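**Student:** Could you have a look at this structure, given as structure tokens, before my questions?
The values are calculated or read from the model by the stated rules, or taken from the named source; none is laboratory data. Source: prediction; values computed, not measured. So basically every Cβ, Gly included, is an ideal-geometry build from the backbone, and we count neighbours across all protein chains shown.
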């Protein structure tokens, strides 16, 4: 292991970040490979001391993550390891200082580092000479320092459970001391402080262990027999108090602590849970915290409770699920979290306590979950979806619940739609429960909540995409109705639904419907209307009556400074499609249109032109040329002729600065390519038009104008792009 290159780079007046990382990688590869470190220990601590002082947080984090290997790969005794650290107190002191670093990643890794070192040398890690003690027990009264302190206390708790159980006494009071946390008066900072403190408390009692510490599992688990009799009551009292904290993550962590105590102590389980039941007119925060703890305890239980207690508890939880908490002034959007938690606890109760005839489920759970799944309140709906998923895992017949959950696959809230997607088998619902599914979805079409109405449209699209039979006319009528909704996102979803299920019989109403929504005021609705009109013209050109009347509005959307780039791009493409029908230009109307001040004009100013353009194919070519002339006035003369030459193989759409020029050149010269190459060029054209990172695309329309006489200039739909959670496709303006 050669450390000289990285030392040499760090000695430079301005060390290169890239070189430092490259050389550090070589060092850490050796350490992770298990190379003996006895002869390198002093050099490694000297190196790591320099690196944690390096003004790059990710290098600090990376260095701290590798510190554990210094001792893990050595044969030194515990005393020798302590002496090594005492020879490098600048490193240990600064490691403690990093508990208060501005980057949470650095705070967390410095806490992990102290925990790893504590496993090597035990409570000696808190020897005052190492300079860590003050940062652990007397942090500065700042959010970063206190948060980092609590992280470190949690890691030390894990370490001491493994190597020195009696040393836990040094830590417990610093974790349960709420007064020390309440110096953080900012609500967010206070919430994070309590959250990390409660996570540290959880590490005192949990039986979960990081997989990297698996070899210590036996000692770790045996420590519960020592610490719970000694600290159990103190830990439980602290956790129960924190069940009422305003920060949700702190409450959830406290609930896990309570459940760990419940699981790890020999207590009267029914009395334990009864004490957690919220009583009186408490606010939703306290109620949700206590119900969360009950749910965690029920999940941790290994044996059923007496039948009468289970029945009694089910009744209490059902009442709490229905309780609207009139004494709490907060809105139902917040209070619903407590109702939802009651339902979740009820489902946890079923795991060990329902009978063969599912009497508890039918009496206490089924109707409550249905109520939540029909609710427009996201907190209740979320609870309903969670309960459905859990009930399905428990083996209940939840077909009716799954049909109610189907629409939530399209909900705007990611947690709701993600769990719904993982719970509902779309193919099974569509293939085996088609009529019931449609009836269920239709029942939400008049919901007071716009998100639910949007879900209706999107879920019907999902049904159409997965159905082998034609959907009934009621689906089209639902789409037409939602396309006139007062909420823009619902309008857009309704228009998309009409496009998905469009038939020859419904095509005649498309133009009027689209013209109502192509005002440019709503980007989503305007885009959806343009896409619908384009689809109708291409699929049912003869039935799409009055299509040319859209030309003036499309020209307006192409030229108006109020149009977003994506609206302008979509309008340009549809206008080109309409203009391809007839190349004849009405010079008088062209001049009339060019005299309009498009920068100050609005949608209504073009309505007279719309009426005149109806059923006039030359109107599209006229207004298309008007847009071209406007664009040409903004570009250099012969801009299209002066584009740099490029071959199709050299096309690089990732280069945003050059993509428009490259595609414009290829489109301008499309006659030189064969049919397969043309398809690739037109697909690239569609993808650049859909790329919202590229704003100025005027040159693309100029290029299209130059090949108006070419055949087969049919711009396809853009390529959908996929990223993020569970392979979701988020191509906002792609089909």
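**Student:** Please find, among 144, 135, the residue that is surrounded by 22 or more Cβ atoms within 10 Å (Cβ to Cβ), in contact (Cβ under 8 Å) with a residue 24 or more places away in the chain and within 16 Å of residue 97 (Cα to Cα).
**Tutor:** Only one candidate passes the filter, namely 135.
For every residue, the table says whether it meets (1) outside any helix (DSSP H, G or I); (2) under 24 Å from residue 149 (Cβ atoms); (3) in the same structural domain as residue 321 (by TED's automatic domain parsing); (4) in contact (Cβ under 8 Å) with a residue 12 or more places away in the chain.
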{"residue": "196", "(1), (2), (3), (4)": "no, yes, no, yes"}
{"residue": "221", "(1), (2), (3), (4)": "no, no, no, yes"}
{"residue": "225", "(1), (2), (3), (4)": "no, no, no, no"}
{"residue": "246", "(1), (2), (3), (4)": "yes, yes, no, yes"}
{"residue": "285", "(1), (2), (3), (4)": "no, no, yes, yes"}
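**Student:** Residue by residue through the range 407-444, note down the ones that are crowded, with 17+ Cβ neighbours inside 10 Å and assigned to a loop (DSSP other than H, G, I, E, B).
**Tutor:** Of everything in the range 407-444, those that are crowded, with 17+ Cβ neighbours inside 10 Å and assigned to a loop (DSSP other than H, G, I, E, B) turn out to be 411, 424, 433, 444.
**Student:** Determine which member of the set 301, 310, 219 is in contact with a helix residue (DSSP H, G or I) (Cβ under 7 Å, 6 or more places away or on another chain) and either farther than 26 Å from residue 364 by Cβ or surrounded by fewer than 17 Cβ atoms within 10 Å (Cβ to Cβ) (or both).
**Tutor:** After applying the criteria, what remains is 219.
**Student:** If you check residue 332 against the conditions, is it touching a helix residue (DSSP H, G or I) at 6+ places or on another chain (Cβ under 6 Å) and buried (at least 16 other Cβ atoms within 10 Å of the Cβ)?
**Tutor:** Against the criterion (touching a helix residue (DSSP H, G or I) at 6+ places or on another chain (Cβ under 6 Å) and buried (at least 16 other Cβ atoms within 10 Å of the Cβ)), residue 332 does not qualify.
**Student:** Take the residues of the range 9-20 that are more than 15 Å from residue 49 (Cα to Cα) and assigned to a helix (DSSP H, G or I): which is farthest from the chain's Cα centre (by Cα)?
**Tutor:** Per the stated criteria, the residue is 19.
**Student:** Scan the range 367-383 and tell me whether some residue there is surrounded by fewer than 19 Cβ atoms within 10 Å (Cβ to Cβ) and within 17 Å of the chain's Cα centre (by Cα).
**Tutor:** There is no residue in the range 367-383 that is surrounded by fewer than 19 Cβ atoms within 10 Å (Cβ to Cβ) and within 17 Å of the chain's Cα centre (by Cα).
**Student:** For residues that are under 24 Å from the mean Cα position of the chain (by Cα) and surrounded by 22 or more Cβ atoms within 10 Å (Cβ to Cβ), tally how many sit in the range 95-105.
**Tutor:** Total meeting the criteria: 0.
**Student:** Please find, among 239, 255, 248, 259, the residue that is surrounded by fewer than 18 Cβ atoms within 10 Å (Cβ to Cβ), more than 20 Å from residue 167 (Cα to Cα), at pLDDT 95 or above and out of contact with any strand residue (DSSP E or B) (no Cβ under 8 Å at 6 or more places or on another chain).
**Tutor:** It is 248.
**Student:** Need a quick list: helices (runs of 4 or more DSSP H) entirely within the range 514-611 having at least 2 residues that are more than 23 Å from residue 461 (Cα to Cα) and touching a helix residue (DSSP H, G or I) at 6+ places or on another chain (Cβ under 6 Å).
**Tutor:** Once the helices (runs of 4 or more DSSP H) in the range 514-611 are filtered for at least 2 residues that are more than 23 Å from residue 461 (Cα to Cα) and touching a helix residue (DSSP H, G or I) at 6+ places or on another chain (Cβ under 6 Å), what remains is 551-559, 565-579, 587-594.
**Student:** Okay, next question. Could you tell me how many of the residues in the range 166-191 are in a loop (DSSP other than H, G, I, E, B) and either over 30 Å from the mean Cα position of the chain (by Cα) or surrounded by 19 or more Cβ atoms within 10 Å (Cβ to Cβ) (or both)?
**Tutor:** 4
**Student:** Now for a separate question. Looking at the range 450-464, is at least one residue free of Cβ contacts under 8 Å to residues at least 60 places away in the same chain, closer than 19 Å to residue 436 by Cβ and surrounded by fewer than 18 Cβ atoms within 10 Å (Cβ to Cβ)?
**Tutor:** Yes - at least one qualifying residue is present in the range 450-464.
**Student:** Name the residue that is farthest from the chain's Cα centre (by Cα), counting only residues in the range 662-711 that are farther than 15 Å from residue 651 by Cα, surrounded by 14 or more Cβ atoms within 10 Å (Cβ to Cβ) and free of Cβ contacts under 8 Å to residues at least 60 places away in the same chain.
**Tutor:** 707
**Student:** Look through 93, 28 and report the one residue that is closer than 23 Å to residue 151 by Cα and either part of a helix (DSSP H, G or I) or touching a residue at least 60 places away in the same chain (Cβ under 8 Å) (or both).
**Tutor:** Checking each option against the conditions leaves just 93.
**Student:** Still on this model: Could you give every pair whose Cβ atoms fall below 7 Å, whose first residue belongs to the range 172-193 and is more than 13 Å from residue 247 (Cβ to Cβ), and whose second residue is assigned to a loop (DSSP other than H, G, I, E, B), counting only separations of at least 6 or pairs across chains?
**Tutor:** 183/141
**Student:** Being more than 37 Å from the chain's Cα centre (by Cα) and in contact (Cβ under 8 Å) with a residue 40 or more places away in the chain narrows it down to one residue among 300, 307; which is it?
**Tutor:** After applying the criteria, what remains is 307.
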